[in-house]
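Below: one structure, written as structure tokens.
The values are calculated or read from the model by the stated rules, or taken from the named source; none is laboratory data. If you're wondering where the values come from, they're calculated on a predicted model, not measured in any experiment. As a convention, Cβ positions derive from the backbone with ideal geometry for all residues, glycine included, and neighbour counts pool all protein chains shown. These accessible areas exclude ligands, DNA and RNA; they are computed on the full protein's heavy atoms, side chains included. Shrake-Rupley method; radii C 1.70, N 1.55, O 1.52, S 1.80 Å.
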Amino acid sequence: NSNPLYYAHKLYLKGSRTPITDLVIPDSVTVIGDRAFYRCEALRKVTLGAGVGEIGEEAFAQCKALGEITIPESVEVIGESAFAENSALLIYAEAAERPAGWVYLWDAVTGHPELVSLPVVFGYTGE
């Protein structure tokens with residue numbers, strides 16, 4: 001019973017020419033596929049629904065405007081370089097600590113040697 005989301009390079013509402021900047025992924029989505037939002041440069045803020053259990057490799061890589069993403073405790077797997085080349089990104093994670101399924105380099109900042117990894121607020125409760 002999975003409901004994966006794959007490749008949404010440019011997001012627009014029907015009838016609109018303005019790209020979506022703030023995105024809420026509904027609870028019904030279970031997987032954010034590899035490179036699903038790769039280079040989706042208009043995204044500024046993403047909130048993942050409680051049904052998401054997996055974020056694929058490079059799912060949000062090179063989303064240059066992305067400044068904030070909220071990851072629910074349900075996310076058990078994050079692929080390598082899921083947030084690569086997003087040097088302005090702050091990650092809010094509901095999990096108290098990094099789950100074992102979040103692979104090494106999931107939060108790496110490619111191309112920015114001054115940043116070893118992205119800032120993550122673990123134990124986030126929305127307050």
Inset, instruction - Please list ARG39, ARG17 in order of solvent-accessible area, largest first, computed with a 1.4 Å probe with all protein chains present. - result: ARG17, ARG39
Legend entry - Net charge, ILE25 excluded, C-beta distance under 13 Å - Lys, Arg +1, Asp, Glu -1: -2
